[in-house]
Amino acid sequence: MEMSRAAGRFLCVSRDNPGTETEGGHHGPLRNSHRPRAGRPGPSWRVRLEQRRAPSAPASSPQPQPVALALELNPAPPRRVGGPDPGPSARPAHFPPRPEERPMSLRRRLADALRAAPEQSALVDVAASMRLVDIARRFWPRLRPLRGWLLLGLLLLTAAPAISVAEALLYQRLVDDVLVPAALEPLLVLALLYIGLNLASGVVSGADDYLSTYVSQRFLVDLRRDVFSHVLSLPAAAHDRRRLGDTLTRLTSDVAAVERFMVSQVSEGVGALVRLLVLVGALMWMQWQLALASLVVAPMFWWVSTRFARLTRDVSRERRRRGGSLGSVTEEALANAALVQSYGREDRAVATYDGHNRAIAGAELAASRIRALFLPLVDLAELVGVLLVVGLGVWALATDRLTLGGLLAFLTLLMQCFDPVRTLADLVPALYSASAGVERVVELLDEPVGGDRPGATDLPRGPGAVSVRDVSVTYAGAQRPALDGLSLEVAPGEVVALVGPSGSGKSTLGRLLSRQLVADAGVVAIDDHDVAARTAASVRDVVTVVHQEQLMLDASVHDNLVLGRPDATRAEVRAAARTADAHEFVERLPSGYDTRIGQRGRSLSGGQRQRLAIARALLRPGRVLVLDEPTTGLDESAARRLMAALVAGERDRTIIVLTHDPVVLEHVDRVVSLDAAGLVLEVAP
């Protein structure tokens with residue numbers, strides 16, 4: 001007998017043929033004879049007999065063939081005709097409840113309440129987790145130059161609790177020598193000492209606050225600058241892959257989280273530990289039995305903090321990620337406000353913004369629930385410690401082991417001990433909370449820059465010959481290469497147009513020439529110098545690219561034009577504008593070249609922005625000029641004027657035009673056509 005089981009069907013095959021019907025025949029389905037009790041439907045099943053021939057046996061084989069018995073079992077009760085589903089209450093008692101019908105345990109409900117509800121649509125991924133010690137190792141080199149100031153801050157942290165101990169001892173003398181005997185003679189001396197200690201405490205506190213602010217800001221300013229510089233150095237493909245709003249969030253609030261982790265919270269933790277050691281030492285000196293009793297609650301503090309640290313870390317990561325999503329949605333909607341308005345999608349944009357905003361609120365509420373459960377447990381531990389000390393203090397008073405003033409001074413110092421203990425208990429959750437932002441900054445810093453090769457040298461200036469030999473490029477995640485074996489030669493001073501369908505690799509060639517991208521195979525050379533072996537800065541001094549998207553700053557026309565050459569004179573600026581056919585419309589602006597053009601130049605038309613972008617490129621001294629769709633936004637007559645002026649006025653430059661516009665082809669020396677795979681199809685004069 002052979003048996004097999006699969007997805008609700010049991011198959012039994014007998015080696016013997018009991019003389020059933022011919023091959024392929026079967027007995028009709030046998031229904032179960034079980035009859036459910038009234039009002040309680042039972043399970044549904046049926047049996048089917050099948051006779052099967054072995055795969056190797058011929059159709060006319062006289063050998064007995066096995067009989068298959070198939071049992072199909074459906075544990076769900078059958079639906080009544082014309083009536084509703086009887087539901088789970090009508091299910092037989094011997095059937096277990098479905099998972100969704102089982103009651104949720106109290107522990108599971110509490111755990112779910114302390115986590116943020118899942119977000120409907122996650123725009124930003126969670127950064128990779130890091131251990132606290134790895135974070136400290138990663139950023140400690142940035143704090144090493146400030147270690148002298150950190151040592152001075154540690155001395156100030158030691159002085160503050162020492163002053164507190166002195167004040168408590170004065171309080172003991174005040175009770176035992178002034179209040180209990182009702183004597184006024186010692187009061188003047190004690191009052192003067194109190195005033196002196198108060199002034200010293202103010203000086204120490206002010207110096208500590210200023211020093212900690214100085215150290216934290218030094219660390220934060222340098223880190224912000226370096227992260228911003230790193231982001232600007234990322235290749236264009238990395239910027240295309242990331243959402244701008246999320247990057248802005250990482251550059252602001254997440255960078256601040258690094259400072260909180262490395263400076264603020266670590267300083268608070270060290271300061272709390274120093275204060276605790278000094279105060280505990282004073283308590284041990286005053287009455288060691290009571291001091292040991294007060295330390296009984298310390299393990300409870302540690303247990304509570306470690307238990308809640310993981311929950312705090314998870315909620316903080318989710319809160320940081322959702323903050324990045326909200327920043328991305330905000331930036332995208334505001335940057336495309338005209339598009340949203342023109343298509344009447346304001347309500348949809350607000351709904352999307354509100355959804356991500358509510359997701360952040362959910363994470364914040366989860367963090368609030370964690371604090372609501374964590375803080376009462378800490379207060380309970382404090383209360384247990386105080387009551388224990390009070391009880392033992394009464395015993396010490398009754399046995400003359402401690403005076404009333406000594407007990408009150410002990411309780412005063414004990415209450416001051418709870419503040420650093422609470423700080424240390426909060427330290428681990430706070431570090432985990434800050435680590436969520438630190439992980440996002442580290443992920444950004446670990447993005448490869450694609451900088452210069454070791455030993456790279458500057459590209460020497462030459463006539464501007466361009467050579468592309470067997471170049472292949474494949475973008476990350478792409479199904480096919482953007483360029484596959486492209487070869488192209490452009491002589492100095494030649495004007496060449498590259499045409500081809502979208503996706504044929506024209507813009508990729510512009511990125512290769514300006515070192516924003518490095519070829520996977522082949523050589524891109526300028527004046528027979530491989531640009532991959534030269535510094536990116538020197539290559540970009542020689543090659544100037546005008547992108548298809550008109551990129552403008554929220555500044556004046558003049559400031560936009562001199563972006564690539566700040567030392568350009570007014571006369572040079574006007575000459576470049578005339579060559580780009582921009583001078584006339586600039587002069588008609590309210591303040592001429594000093595007119596502010598708004599964010600991304602939106603106060604100008606697309607054609608005006610395009611001409612300013614070309615004028616800005618002409619001010620650069622580079623010998624190679626790459627124009628990506630230079631006539632975008634221009635009518636036919638304006639396009640002809642622009643190309644005629646460029647060809648006539650820039651004969652000393654090598655110009656490569658990436659275009660679909662047939663007007664451009666009238667003004668070039670040669671046309672190179674690319675196919676969809678980035679291969680040269682034809683070269684036309």
Residues of the stretch 621-660 satisfying the condition of being crowded, with 22+ Cβ neighbours inside 10 Å and closer than 18 Å to PHE585 by Cβ: PRO630, THR631, LEU634, ALA639, LEU642, MET643, LEU646
Test result for TYR171, assigned by TED's automatic domain parsing to the domain that holds LEU413 and either over 52 Å from the mean Cα position of the chain (by Cα) or buried (at least 17 other Cβ atoms within 10 Å of the Cβ) (or both): yes
Any hit, the stretch 188-207, residues being hydrophobic (A, V, I, L, M, F, W, C) and under 25 Å from GLY437 (Cβ atoms): no
Failed condition for LEU642, given (1) in contact with an Asp or Glu (Cβ under 6 Å, 6 or more places away or on another chain); (2) among the aliphatic types (A, V, I, L, M); (3) part of a strand (DSSP E or B): (3)
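Every residue, every condition in (1) out of contact with any strand residue (DSSP E or B) (no Cβ under 9 Å at 6 or more places or on another chain); (2) surrounded by 14 or more Cβ atoms within 10 Å (Cβ to Cβ); (3) closer than 30 Å to VAL340 by Cα, yes or no:
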position: LEU377; (1), (2), (3): yes, yes, no
position: TRP395; (1), (2), (3): yes, no, no
position: LEU402; (1), (2), (3): yes, yes, no
position: LEU408; (1), (2), (3): yes, yes, no
position: GLN416; (1), (2), (3): yes, yes, no
position: LEU424; (1), (2), (3): yes, yes, no
position: SER433; (1), (2), (3): yes, yes, no
position: PRO454; (1), (2), (3): yes, no, no
position: GLY464; (1), (2), (3): no, yes, no
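Please find, among LEU283, LEU279, LEU311, LEU273, the residue that is modelled with pLDDT under 75 and surrounded by 15 or more Cβ atoms within 10 Å (Cβ to Cβ).
LEU311
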Selection from the stretch 217-262 of residues that are within 21 Å of GLY510 (Cα to Cα), crowded, with 16+ Cβ neighbours inside 10 Å and either more than 17 Å from the chain's Cα centre (by Cα) or among the hydroxyl-bearing types (Ser, Thr, Tyr) (or both): PRO235
ASP458, sole failed condition from (1) assigned by TED's automatic domain parsing to the domain that holds ARG275; (2) in contact with a helix residue (DSSP H, G or I) (Cβ under 7 Å, 6 or more places away or on another chain): (1)
Hey, LEU154 farther than 27 Å from LEU414 by Cβ and either charged (D, E, K, R) or part of a helix (DSSP H, G or I) (or both) or not: no
Residue count for the stretch 458-483, restricted to those that are on the phi > 0 side of the Ramachandran plot and of a type outside the set (Asp, Glu): 2
Pairs, first within 11 Å of GLN610 (Cα to Cα) in the stretch 620-634, second of a type in the set (D, E, K, R) and in a loop (DSSP other than H, G, I, E, B), C-beta under 7 Å, six or more apart: THR631/ASP661
Criterion violated by THR474 - all others in (1) closer than 16 Å to LEU674 by Cα; (2) at pLDDT 85 or above satisfied: (1)
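Would it be correct to say that LEU211 is closer than 24 Å to VAL442 by Cα and in a helix (DSSP H, G or I)?
Here the answer is no, as LEU211 does not meet what is asked.
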All helices (runs of 4 or more DSSP H) inside the stretch 224-299 with 2 or more residues being under 30 Å from ARG515 (Cα atoms): 236-241, 244-249
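The values are calculated or read from the model by the stated rules, or taken from the named source; none is laboratory data. Only a predicted model underlies this, so the values are computations on that prediction, with no experimental measurement involved. We place every Cβ from the backbone using ideal geometry, glycine too, and count neighbours over all the protein chains shown.
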